[in-house]
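What follows is one structure encoded as structure tokens, with my remarks underneath.
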Amino acid sequence: MRVQGQEPEYSKQARKFLENLEKKPYDKITKAISLVPKGDIIPYKSIAGYFRLRVGGYRVLFEWVEDDKILVAFVEGRDKIYKKGV
């Protein structure tokens, strides 16, 4: 199981989205990611093997790359992520 605080990998979309956020939501999301496996996490039904992390009005989709490492594949606002069908 992943050790909290271990540095995750980020997809190009996730890095770009986080870079464009203001400081407060950026800090909130990155802190929640660093605390995985704790948090509001459920399997993501649309894509097998992915999990959804809820952080306020944002959603983080990630997958376990190894037992101790995650890949943050997608970060988006709640209103957009479900409309895109990701």
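The values are calculated or read from the model by the stated rules, or taken from the named source; none is laboratory data. Keep in mind the model is a prediction, meaning the values are calculated, not measured. Because the Cβ atoms are built from the backbone with ideal geometry, glycine has one as well, and the counts that use them run over all protein chains shown.
Overview of values
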{"item": "Among (1) of a type outside the set (S, T, N, Q); (2) within 13 Å of the chain's Cα centre (by Cα); (3) modelled with pLDDT of 95 or more, the one test that residue 21 misses", "result": "(2)"}
{"item": "Complete set of residues in the stretch 55-77 that are under 18 Å from residue 21 (Cβ atoms) and touching a residue at least 24 places away in the same chain (Cβ under 8 Å)", "result": "55, 56, 58, 60, 61, 62, 72, 73, 74, 75, 76"}
{"item": "Of all residues making up the stretch 5-16, the number that are in a strand (DSSP E or B) and not hydroxyl-bearing (Ser, Thr, Tyr)", "result": "1"}
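Condition check ((1) closer than 16 Å to residue 15 by Cα; (2) surrounded by 13 or more Cβ atoms within 10 Å (Cβ to Cβ); (3) within 11 Å of the chain's Cα centre (by Cα); (4) of a type in the set (Phe, Trp, Tyr)) across all residues:
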site	(1), (2), (3), (4)
25	yes, yes, no, no
28	yes, yes, no, no
45	no, no, no, no
56	no, no, no, no
59	yes, yes, yes, no
68	no, no, no, no
76	yes, yes, yes, no
80	no, no, no, no
